[in-house]
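Student: Have a look at this one.
The values are calculated or read from the model by the stated rules, or taken from the named source; none is laboratory data. None of these values were measured; they are calculated from a predicted model. Here the Cβ is made from the backbone with ideal geometry for all residues, glycine too, and neighbour counts use every protein chain on show.
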Amino acid sequence: MTTTPPAFPASAREWLARLIAFDTTSRNSNLALVDAIAAWLDAMGVRSTRIAGAAGRKANLLFSIGPEVAGGVVLSGHTDVVPVDGQDWSSDPWTLCERDGRLHGRGTADMKGFLAAGLSRVPAMLAAGLKRPVHFALSYDEEVGLLGAPSLIEALLAGVPRPGLVVVGEPTGMRIVDRHKGIMGLRTTVLGHEAHSSQTHLGVSANMVATRLMARIVEIADRLAAAPQDASGFEPSHTTTTIGLINGGTAPNILARECSFVWDIRSASPTEARAVYDEVEACARELDAAIRARFADCGIATEILSDVPPLTGVGNAPALELVSRLTDTPEREVASYVAEAGLFERAGLPTVICGPGRIAQAHQPDEYIETSQLAAGEAFMDRLVEALCR
Ligand SMILES: [Zn+2]
């Protein structure tokens with residue numbers, strides 16, 4: 001195919017500037033960014049597939065370069081970024097700004113730098129005569145519970161010959177991360193029965209009941225923390241559970257009608273995570289029965305907001321082998337954050353995390369990627385193209 005790419009960013013840096021300019025904070029639509037990339041691909045004759053979600057306000061984007069054969073490499077990245085609200089930025093977060101070898105902007109590290117490096121090499125991939133394909137898998141709503149990835153992975157597996165491996169380009173400083181913990185995000189809502197707070201016998205305070213249940217979570221958290229550290233490399237190595245948000249009551253002198261709290265369980269072991277959930281749920285069922293016996297409108301319910309499996313590293317040899325070679329990095333590391341990698345692994349695809357930029361700069365005011373890291377991301381893409389031509 002001989003086509004001239006349209007007037008759109010060519011270098012990784014230009015791509016990064018363009019990608020940063022889209023405010024794809026998770027609460028916003030990401031369609032403008034997705035449409036811009038799709039239109040650019042279109043002009044080069046590359047067909048892309050949008051997988052719509054969030055009532056049509058957002059979309060994943062999937063496209064492949066190279067032959068329609070199995071054994072391709074998936075480059076996975078999320079298009080959304082975390083908010084800049086309340087953060088003190090030295091320059092406009094949506095305008096790429098270079099200072100002292102650092103490219104500042106929201107998403108430069110997490111993870112538009114990786115996307116920029118990949119997109120900048122699309123023309124080279126088209127021209128190279130790849131023997132195995134590259135599949136770009138761009139998701140939405142990663143930062144708010146990895147909501148886009150499941151339908152993206154489903155569409156990927158249904159739409160292309162089985163890929164050989166996945167590289168999730170979260171910022172690792174181009175080191176290889178082959179394990180991360182999983183997370184269950186949960187919201188528990190306790191419904192009580194309102195009454196004047198002097199008349200505690202005439203109602204049920206949702207706050208008081210929720211506190212008992214939260215006390216159980218604290219107990220479990222303490223017990224887990226008392227376990228000796230193991231050699232897994234996770235910091236901390238044990239399963240954790242914690243309560244992030246509590247909302248309850250409307251006035252000091254009313255027995256609260258409603259109390260809800262958002263909590264999470266993070267574990268390297270799906271079974272252990274489930275055991276924590278079951279233990280809290282058993283306690284919730286007991287309390288639920290007790291308050292329902294007093295008033296029919298009382299009750300306790302827990303909603304699973306997200307359930308992301310850990311990346312265990314089992315069966316990831318093909319991904320490790322290739323990415324080690326491309327980065328000259330034999331070492332493997334673990335990540336304390338959650339990524340889409342666990343979902344790809346659960347789908348049976350060998351997966352590692354490796355991308356430019358550093359996690360320490362992600363989500364921060366004045367987020368940046370070092371120009372040397374962006375260059376390392378580009379070098380990775382160049383070597384990938386070479387490897388896939390062999
Ligand atoms: Zn990220």
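Student: Would you be able to say whether some residue in the stretch 159-176 is buried (at least 20 other Cβ atoms within 10 Å of the Cβ), hydrophobic (A, V, I, L, M, F, W, C) and modelled with pLDDT under 95?
Tutor: No - not one qualifying residue is present in the stretch 159-176.
Student: What number of residues in the stretch 331-390 are basic (K, R) and surrounded by 17 or more Cβ atoms within 10 Å (Cβ to Cβ)? Please lay out each step first, then the result.
Tutor: Applying the first criterion (basic (K, R)) to the stretch 331-390 yields 332, 346, 358, 383, 390.
Next cut, surrounded by 17 or more Cβ atoms within 10 Å (Cβ to Cβ) only: 332, 346, 358.
Number of matching residues: 3.
Student: Shifting gears a bit: Please find, within the stretch 220-236, the residue that is surrounded by the fewest Cβ atoms within 10 Å (Cβ to Cβ) out of those that are within 18 Å of R274 (Cβ to Cβ) and modelled with pLDDT of 95 or more.
Tutor: The extreme case among them is R223.
Student: With (1) in the same structural domain as E235 (by TED's automatic domain parsing); (2) closer than 27 Å to Y140 by Cβ as the list, and A293 as the residue in question, which single condition is left unmet?
Tutor: (2)
Student: Oh, and also: Regarding R102, is this residue under 22 Å from Q373 (Cα atoms), among the basic types (K, R) and either assigned by TED's automatic domain parsing to the domain that holds I304 or within 22 Å of the chain's Cα centre (by Cα) (or both)?
Tutor: It is false that R102 is under 22 Å from Q373 (Cα atoms), among the basic types (K, R) and either assigned by TED's automatic domain parsing to the domain that holds I304 or within 22 Å of the chain's Cα centre (by Cα) (or both).
Student: Condition first: in contact with a helix residue (DSSP H, G or I) (Cβ under 8 Å, 6 or more places away or on another chain), away from the ligand (no atom under 16 Å from the Cβ) and among the basic types (K, R). Can you find one or more residues in the stretch 90-106 that meet it?
Tutor: Within the stretch 90-106, one or more residues are in contact with a helix residue (DSSP H, G or I) (Cβ under 8 Å, 6 or more places away or on another chain), away from the ligand (no atom under 16 Å from the Cβ) and among the basic types (K, R).
Student: Still on this structure: Kindly establish whether D80 is touching an Asp or Glu at 6+ places or on another chain (Cβ under 6 Å) and in the same structural domain as I353 (by TED's automatic domain parsing). Steps first, answer last, please.
Tutor: Working: touching an Asp or Glu at 6+ places or on another chain (Cβ under 6 Å): yes; in the same structural domain as I353 (by TED's automatic domain parsing): yes.
Yes: the conditions hold for D80.
Student: Right, next: May I ask you to list pairs of residues, at least six apart or on different chains, whose Cβ atoms are under 8 Å apart, with the first in the stretch 64-89 being without any contact (Cβ under 8 Å) to a residue 60 or more places away in the chain and on the phi < 0 side of the Ramachandran plot and the second being in a strand (DSSP E or B) and of a type outside the set (F, W, Y)?
Tutor: P83/T25
Student: Would it be correct to say that L119 is away from the ligand (no atom under 16 Å from the Cβ) and in contact with a Phe, Trp or Tyr (Cβ under 6 Å, 6 or more places away or on another chain)?
Tutor: yes
Residue-wise test of (1) out of contact with any Phe, Trp or Tyr (no Cβ under 6 Å at 6 or more places or on another chain); (2) within 16 Å of the ligand (Cβ to nearest atom); (3) within 24 Å of V166 (Cβ to Cβ).
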residue	(1), (2), (3)
V34	yes, no, yes
W40	no, no, yes
A55	yes, no, no
A59	yes, no, yes
V82	yes, yes, yes
D85	yes, no, no
D88	yes, no, no
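Student: Further, regarding this structure: Is it true that G164 is under 29 Å from E340 (Cα atoms) and touching a Pro at 6+ places or on another chain (Cβ under 6 Å)? Don't jump to the end; show me each part of the working.
Tutor: Values: under 29 Å from E340 (Cα atoms): yes; touching a Pro at 6+ places or on another chain (Cβ under 6 Å): yes.
It is true that G164 is under 29 Å from E340 (Cα atoms) and touching a Pro at 6+ places or on another chain (Cβ under 6 Å).
Student: Considering only residues that are surrounded by fewer than 16 Cβ atoms within 10 Å (Cβ to Cβ) and either out of contact with any Ser or Thr (no Cβ under 8 Å at 6 or more places or on another chain) or not assigned by TED's automatic domain parsing to the domain that holds S197 (or both), which ones fall in the stretch 263-290?
Tutor: Correct list: T271, R274, A275, D278, A282, R285, E286, A289, A290.
Student: Residues in the stretch 32-45: is at least one under 20 Å from the mean Cα position of the chain (by Cα) and either in the same structural domain as H78 (by TED's automatic domain parsing) or under 17 Å from M111 (Cβ atoms) (or both)?
Tutor: Yes, that holds for at least one residue.
Student: Moving to a separate point now. Only one of these is assigned by TED's automatic domain parsing to the domain that holds L165 and over 27 Å from T95 (Cβ atoms): E367, E340. Name it.
Tutor: The conditions single out E340.
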